[in-house]
1. Name every residue in the stretch 175-211 that is assigned to a loop (DSSP other than H, G, I, E, B) and among the charged types (D, E, K, R), in order of residue number.
2. Cβ-Cβ below 9 Å, separation at least six or inter-chain, first residue in the stretch 41-61 and within 12 Å of the ligand (Cβ to nearest atom) and open to solvent by less than 10 Å² (accessible area, probe 1.4 Å), second modelled with pLDDT of 95 or more and among the aromatic types (Phe, Trp, Tyr): which pairs?
3. Report whether or not Gly116 is open to solvent by less than 10 Å² (accessible area, probe 1.4 Å) and either within 16 Å of the ligand (Cβ to nearest atom) or at pLDDT below 95 (or both).
4. Checking Phe160 against (1) open to solvent by 30 Å² or more (accessible area, probe 1.4 Å); (2) under 20 Å from the mean Cα position of the chain (by Cα); (3) more than 8 Å from the ligand (Cβ to nearest atom); (4) not polar (S, T, N, Q): exactly one of these is not met. Which one?
5. Restricting attention to the stretch 187-205, and to residues there that are open to solvent by less than 40 Å² (accessible area, probe 1.4 Å) and under 20 Å from the mean Cα position of the chain (by Cα), which single residue is nearest to Leu273 (Cα to Cα)?
6. Let me confirm something: among His122, His93, which residue is within 16 Å of the ligand (Cβ to nearest atom), of a type outside the set (D, E, K, R), surrounded by fewer than 24 Cβ atoms within 10 Å (Cβ to Cβ) and within 20 Å of Cys45 (Cβ to Cβ)?
7. Are any residues in the stretch 231-251 under 14 Å from Asn266 (Cβ atoms) and open to solvent by less than 40 Å² (accessible area, probe 1.4 Å), and if so, which ones?
8. Which members of the stretch 293-323 meet the condition of being of a type in the set (A, V, I, L, M) and either closer than 30 Å to Leu112 by Cβ or open to solvent by less than 80 Å² (accessible area, probe 1.4 Å) (or both)?
Amino acid sequence: MTETEITVLKPEILHQLIKKKLMKASLPEEAANEAANHLVFADACGIHSHGAVRVDYYAERIAKGGTTLHPNITFEKTGPSTGIVHGDNGMGHYVCNEALKYALEMVEESGLAFVGISQTGHSGALSYYVKKAAEEGYVALSMCQSDPMVVPFGGSENYFGTNPIAFATPCEGQPPVVFDMATTVQAWGKILDARSKQREIPDTWAVDKEGNPTTDPNAVNGLLPIAGAKGYGLMMMVDILAGSLLGLPFGKHVSSMYDDLTAKRNLGQMFLLIDPAKFTDPIAFQQRILQMVTELHAIKPANGFDQVYYPGELSKKCYDNYMAEGIPVATPIVDYLQSETVHFDQYGGKGAFAK
Ligand code: NAI
């Protein structure tokens, strides 16, 4: 099989193309602009599973009515450090970015903010949000729900989503340290990639219909949690903090990404922002983080490794490089973005693992 061709685009051109396509699908400019900010960031960080590759899907959902075009986003403050943003199922990136603004105001006032987001759409790579908060000097945590495509430890039927966790902290004199991961061994996008390249997958990634480990990407019927029972516990925690706690559907009742694109998704997400000054000298805190990453860098690498990196360091290097030199995007995606086609009508009505 031949490798897909790659086109390198300047970040501002990629941004323009994504924004234009989403607006063509009828998303208002402000939301389209914010979604484009987010998707360009993801591609620039090398998180291609959450970048321009998703535009076709978003455009289809927007065009079919599964995203509220003019959401009435409201903030219900429930205490000095708590609140819920009701997203009215607007474009996920836009809703969550607006929610982050409320959380930032709250942490500035009270030193702590736990802000839940109810009724949002798919909100992309969570590092986008926690990095922004850490750039303002706060320690930040975010989690969100996603479609039920993961078998619980010891089970053969799917229950939880790939429920990601992202964490960021400011660090003296350098960009924030950002850790961001799905709670599954591999993101669904990696299985799709293996399918498209007709490659086997390791037997630690996913299971077939009977719940047995599989190396055939076409036989995948459920993803596996990271680290067995421990990852399973973490994804349950995410589902509770970003779903049940906000009164939202949980576990297998969470809506599917590709099922009914005319329906709203009603997903949940949360932000926890902490002002380090409430616990310690904030400058000394950031210096300790710098000392930590410096000491990690000084650790002798194991065989086969060039050095120890801190979480998010490679994404940051990738971001700096791509923002300066251009972002590689699969040529068929660029062709689509440049075309008059709004979407290819290829996602609606498909189950999570449909081929
Ligand atoms: P990943 O496996 O590529 O990376 C996980 C973490 O490990 C990152 O923080 C990365 O910086 C760190 N890392 C990787 N290599 C490293 C190294 N050599 N040294 C030190 N640290 C290293 O991430 P994953 O799990 O594939 O997630 C990808 C994205 O998908 C995330 O942005 C996540 O938020 C997003 N996601 C979003 C969902 C949604 O519904 N919105 C659902 C699931 C994932």
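The values are calculated or read from the model by the stated rules, or taken from the named source; none is laboratory data. Values in this document were obtained by computation on a predicted structure and should not be read as measured data. Quick reminder, even Gly has a Cβ in these numbers, built from the backbone with ideal geometry, and neighbours come from all protein chains shown. Keep in mind that these areas ignore ligands, DNA and RNA; they rest on the heavy atoms of the full protein, side chains included. Shrake-Rupley method; radii C 1.70, N 1.55, O 1.52, S 1.80 Å.
1. From the stretch 175-211, those assigned to a loop (DSSP other than H, G, I, E, B) are 182-183, 185-187, 198-205, 208-211; that's our starting set.
Arg199, Glu200, Asp203, Asp208, Lys209, Glu210, listed by residue number.
2. Final answer for the pair search is Ala42/Tyr128; Asp43/Tyr322; Gly51/Phe41.
3. On the way: open to solvent by less than 10 Å² (accessible area, probe 1.4 Å): yes; either within 16 Å of the ligand (Cβ to nearest atom) or at pLDDT below 95 (or both): yes.
Yes.
4. Condition (1) is where Phe160 drops out.
5. Within the stretch 187-205, the first condition is being open to solvent by less than 40 Å² (accessible area, probe 1.4 Å), and the residues that meet it are 187-189, 191, 194-195, 201.
Restricting the remaining residues to those that are under 20 Å from the mean Cα position of the chain (by Cα) gives 187-189, 191.
Values: Ala187: 26, Trp188: 29, Gly189: 29, Ile191: 33 Å.
Across the stretch 187-205, the extreme among qualifying residues is Ala187.
6. Values: His93 fails: surrounded by fewer than 24 Cβ atoms within 10 Å (Cβ to Cβ).
Going through His122, His93 in turn, the sole match is His122.
7. Here is the first cut: in the stretch 231-251, the ones under 14 Å from Asn266 (Cβ atoms) are 239, 242-244, 246-251.
Hits for the stretch 231-251 are Asp239, Ala242, Gly243, Leu246, Leu248, Gly251.
8. Initially, the stretch 293-323 is screened for residues of a type in the set (A, V, I, L, M), giving 293, 296, 298-299, 302, 308, 314, 323.
Answer for the stretch 293-323, where residues must be of a type in the set (A, V, I, L, M) and either closer than 30 Å to Leu112 by Cβ or open to solvent by less than 80 Å² (accessible area, probe 1.4 Å) (or both): Val293, Leu296, Ala302, Val308, Met323.
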